[in-house]
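What follows is one structure encoded as structure tokens, with my remarks underneath.
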Amino acid sequence: MNENAYWGYHLIINAGNCNREAVTNPELISKFAKDLVKNIDMVAFGEPQVIHFGEGNKAGYTLVQLIETSNIVAHLCDESGDMYLDVFSCKSFDLNVVLQMVDDYFLPTRINHHYLERQA
């Protein structure tokens, strides 16, 4: 892939009905972020932020991991076990690695994704 052809690469993942113990475990979510950064050959900018907030069926952990080329952001819902993950970078990455890691860490029963090549 020609990295000069696009300004950014954006992977959007909706992972449904994940393992509830996984999506409610802040240590595991942080480990996922650190391993993801390493496995897609990015450089972390600081530590992952994993914060629980929200109410009702929107409550859950949100993950923010800055990377030198942009960010990784996710929200994981306590009640439904759903995970919504965005990986955005101006450096290209292997989307199949991200999909496999979501499957390995969170065991969703369904998953769909959209991959965008961004250019203004």
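The values are calculated or read from the model by the stated rules, or taken from the named source; none is laboratory data. This structure is a prediction, so every number in the text was calculated from the model and none was measured. So basically every Cβ, Gly included, is an ideal-geometry build from the backbone, and we count neighbours across all protein chains shown. Ligands, DNA and RNA are excluded from the accessible area calculation, which covers all protein heavy atoms including side chains. Shrake-Rupley method; radii C 1.70, N 1.55, O 1.52, S 1.80 Å.
One table, with the values for the structure above:
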| read-out | value |
| --- | --- |
| Fraction of alpha-carbon pairs over 16 Å apart in segment 14-61 - percent | 49 |
| HIS114 accessible area, 1.4 Å probe, all protein chains in place, Å² to nearest 10 | 100 |
| Value of Rg to Rh for the chain (Rh from inverse mean 1/r over Cα pairs, i.e. Kirkwood) | 0.97 |
| Apportionment of accessible area to carbon and sulfur, the chain, percent (1.4 Å) | 51 |
| Dipole magnitude (debye, nearest 20) for the chain, charges at Cβ of Lys, Arg, Asp, Glu | 100 |
| Net charge dipole size for segment 1-69 [Lys, Arg +1 and Asp, Glu -1 on Cβ; Debye, nearest 20] | 180 |
| Cα long-axis angle, helix 95-106 against the chain (0 to 90 degrees, to the nearest 10) | 10 |
| Loop-resident sites, segment 22-120, for trypsin sites (Lys or Arg not before Pro), counting at most 10 other Cβ within 10 Å (DSSP) | none |
| MET101-GLU55 FRET efficiency (beta carbon distance; Förster radius 35 Å; 0.05 resolution) | 0.75 |
